[in-house]
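The values are calculated or read from the model by the stated rules, or taken from the named source; none is laboratory data. Note that the structure is a prediction, hence the values are computed from the model and not measured. Backbone-built Cβ (ideal geometry, glycine too); neighbour counts: all protein chains shown. We work out accessible area using only protein heavy atoms, side chains counted, and drop any ligands, DNA or RNA first. Shrake-Rupley method; radii C 1.70, N 1.55, O 1.52, S 1.80 Å.
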Amino acid sequence: MNANPLSDRGSSQTLSQPLSRTAAVIPAAGRGVRLGPGAPKALRTLSGTPMLVHAVRAMAASRAVSLVVVVAPPDGAAEVRNLLDAHPLADRDSTRTDVVVVPGGATRQESVRLGLAALPADVTAVLVHDAARPLVPVDTVDAVAAAVREGAPAVVPALPLADTVKQVEPSVGERAGEPEPVVGTPERALLRAVQTPQGFDRAVLVEAHEKVAVEGEGATDDAGLVERLGVRVVVVPGHEEAFKVTRPLDLVLAEAVLARRRANDGF
């Protein structure tokens, strides 16, 4: 860990502290092309503060989380470290949460694996959180962490779907852009829209990343890797404010959420 305002926190242990702890891994190496040209998605600002900083603060706000590992672009670890140093955690979190930065890989799956490799031995539970979900409430983080602490090997926060979903035959190749035939309508009551942070027993998640190889851009859902091991994944309630900032309109919504928090809660 580097000697800086964000990384050297809460490192000493006392006899009263538990022998295991929970860490959060935030993969932030993606470019975010759907938001258009410019800075990587995680470095775009909301109310003047980069989304990545909001995401780190959201994890650190949970009393369950004592360490946050940020996985930066492979050639951008120093830039991300400087960014985090320029935006310190809130005072209430600064004495109990370490924040470290490690370089990531070419895919999200590789970046999460590198984040896991950076965890110290006493971390037994891991939350994996998207930097592009900067506004997840602390209650959601706490609920996921509590479910893992109570014995669930894999936990995801999720919401019921508001829209009907259609399964289609994709139009690809020479047919790209043509109308796509509907081949089925899944029962909406059985479906959930999954969010992050996703929580895991560390050993289970490490095994999933070691044994399950996904081609192309790799896995975008860590719980999906665990499912392939045959391990049970459970769902806890998510939150509407834990949405993913992917398109320009999402930035507008996120700014509105922050404005409401400032007005109502003094955020």
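Points to keep in mind about this one:
- Stretch gain in nm, segment D85-V236, where the contour uses 0.36 nm per residue and the Cα spacing is subtracted: 51.0 nm
- Between the listed residues V183, Q195, P170, the Cα displaced farthest toward the positive end of the dipole of segment 139-267, a dipole computed from Cβ unit charges relative to the Cα centre, is found at Q195.
- Largest-first ordering by accessible area, 1.4 Å probe, given options L258, L249: L249, L258
- Dipole check for segment 54-104: with +1 at the C-beta of Lys and Arg, -1 at the C-beta of Asp and Glu, and the Cα centre as origin, the magnitude is about 240 Debye.
- Average accessible surface area per residue within the chain, 1.4 Å rolling probe, Å²: 51 Å²
- Ordered from highest to lowest accessible area with the whole protein assembly present and a 1.4 Å probe, L89, L191 read as L191, L89.
- Accessible-area composition of segment 114-192, carbon plus sulfur, in percent [1.4 Å probe]: 54 percent
- Charge dipole magnitude, Cβ of K and R +1, D and E -1 - segment 84-154, Cα centre, debye nearest 20: 180 debye
- Mean residue ellipticity, 222 nm, helices only, the chain: the sum of -39500 (n - 2.57) across DSSP H runs of n ≥ 4, divided by residue count and rounded to 500, is -9000 deg cm²/dmol.
- Taking all protein chains as shown and a probe of 1.4 angstrom, V99 keeps an accessible surface of around 0 Å².
- For segment 160-267, alpha-carbon Rg over 2.2 N^0.38 Å: 1.41
- Cα-centred dipole magnitude for the chain, charges only on beta-carbon of K, R (+1) and D, E (-1), debye, nearest 20: 460 debye
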